[in-house]
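The numbers here are math on the coordinates, done by the rules we state, and not lab data. All figures in this text were calculated on a predicted structure; none of them were measured in a lab. With ideal geometry, Cβ positions are generated from the backbone for all residues, glycine too; neighbour counts draw on all protein chains shown.
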Amino acid sequence: MPSSNPFEEWVHQRIREKVKWDKAFQELLNKKGSDEITKNDLGRYKLHRLKEMVRYVYDRSLFYKKLFEEKRILPEEINSFEDFHRIPFTTAKDILDNPYLISCITQDGILRGFTSEEADGRFRRIFFTMDELLNVIDSISAALKMVGVGANDIVQIVFPFEAEWGCNYLVEEAVRRAGGEPVSTGAIDFDEQVKKILDTRPKMILGSNPYLVKMTRAVSSRYDLRKLGVKTIVLSRGCDFYPFTESMREEIEKAWGCNAIDHYGTMEAGMANAIECPYQNGLHLNEADFYYEVVDVKSKEPLALGDEGELVFTTLSRTGMPLIRFRSRDVSYLVEKSCKCGVSTLRSMGGIRRKLKNDSQSQGLLESLNLIKRLRAIL
Ligand SMILES: [Zn+2]
């Protein structure tokens, strides 16, 4: 039975494909002709993929081979999520220092690298194959359908223009696949942007949250944005951290008279990890391509659902430069709950409110918050 939510259905479809082509996984799931993907199936899929990924990086990445050998971990010893949690983290510094050693293929197979400049002027690089970027487009397309993009809907994309296969291009293609019509304007002068919106009359605007928040504040006293007819604004978290709070959401929704949707996607994840549905009930996660954990910053131990800590993810399907237990430094929490949008098997995460600069920062505060949450649950 297909999920009624297009994004969840897309994740389920990827699992069905795995069942179809992978005999070991077929036996593990024992689906017996049923098409339904349950929460249990999703859990088994993630573990199966993690085991495959660990074997893959051990065989092909010089960085991971060395890391595993130093910690005396063999791929065949990883048989449960608990076993997997013994593997050391990959950090932003590891990526900065070893992009080519982490990679599992030669540069011939890489279509596009994304870079982010560090404070010391060095560049952090992440490499993607064409298949990986096509899959990113597919995942964004499914997410856009979930937030309401349908046939012939105009979507104005206001990310800064980049080289080929950059954010703008990926989202443009995703809008087309969802049946809509993309209009890319770039992150231009705010008044010029409003003029473009008046010309194109988009149903949806999609861009980075710093640009959209600043633009709203700059132009809302000069224009009645509510009259522009925009139904949804998707605020995307770019590579640089910029907080998106509930008061900012209210400010934007009030100014435009529309729904403001929070989106999370880091460069390391290929720009697309999680997005809210129109019910704004947590950000639904792409669990076909990522395994997410939230860990205590001090002890590095995985936390229970609902507890706030550092978000860590492992790529489940990348072959070019897979990442194992990448520490995002973003603070959030995971939840497992059904949503009115139809999502019933996918986990969701809270919005990202803060970014950790180092291991010890804010841990005292996080511990207090987690304690308050537990007390509330008891009372
Ligand atoms: Zn939902």
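Computed quantities for the displayed model
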| item | result |
| --- | --- |
| Diffusion constant of the stretch 25-82 at 25 °C, which comes from Stokes-Einstein with the Kirkwood Cα-pair radius and 0.890 mPa s, µm²/s | 190 |
| Shape category assigned to the stretch 296-341 from the gyration tensor of Cα positions, a/c cut at 1.5 | oblate |
| Taking Trp165, Trp256 and counting other C-beta atoms within 10 Å, the order from fewest to most | Trp165, Trp256 |
| Alpha carbon centroid spacing (whole Å) that separates the stretch 273-312 from the stretch 212-238 | 28 |
| Sum of side-chain charges, Pro322 neighbourhood, beta-carbon under 12 Å (Lys, Arg +1; Asp, Glu -1) | 0 |
| Computed helical MRE - 222 nm, the chain, DSSP H runs ≥ 4 contributing -39500 (n - 2.57), nearest 500 | -11500 deg cm²/dmol |
| All aspartates and glutamates inside 15 Å of Lys39 as judged from Cα atoms, apart from same-chain residues fewer than 8 positions distant | Glu8, Glu9, Glu287, Glu336 |
| Kirkwood Rh and Cα Rg combined as Rg over Rh, evaluated for the stretch 64-213 | 1.09 |
| log10 of Debye I(q)/I(0), alpha-carbon scatterers only, for the chain at 0.14 Å⁻¹ | -1.31 |
| Fraction of antiparallel bridges per DSSP, the chain only, in percent to nearest 5 | 60 |
| Karplus-derived 3J(HN,Hα), 6.51/-1.76/1.60, for each residue of the stretch 55-68, Hz, glycine and proline x | 4, 4, 6, 5, 7, 10, 9, 5, 4, 6, 4, 5, 4, 5 |
| Anisotropy class of the stretch 253-326 from Cα gyration tensor, a/c 1.5 cut | oblate |
| Cα gyration tensor, the stretch 159-208 - rounded (a/c under 1.5), prolate or oblate | oblate |
| The chain - percent relative contact order, Cα under 8 Å, separation 6 or more | 15 |
| Cα gyration tensor of the stretch 5-124 - equivalent ellipsoid semi-axes, whole Å, descending | 32, 19, 14 |
| Globularity ratio of the stretch 1-45, using Cα Rg and 2.2 N^0.38 Å | 1.05 |
| Rotationally averaged projected area of the stretch 140-281 (alpha carbon convex hull; nm²) | 7.7 |
| Exposure proxy order (Cβ contacts within 10 Å, fewest to most) of Ser247, Ser61 | Ser247, Ser61 |
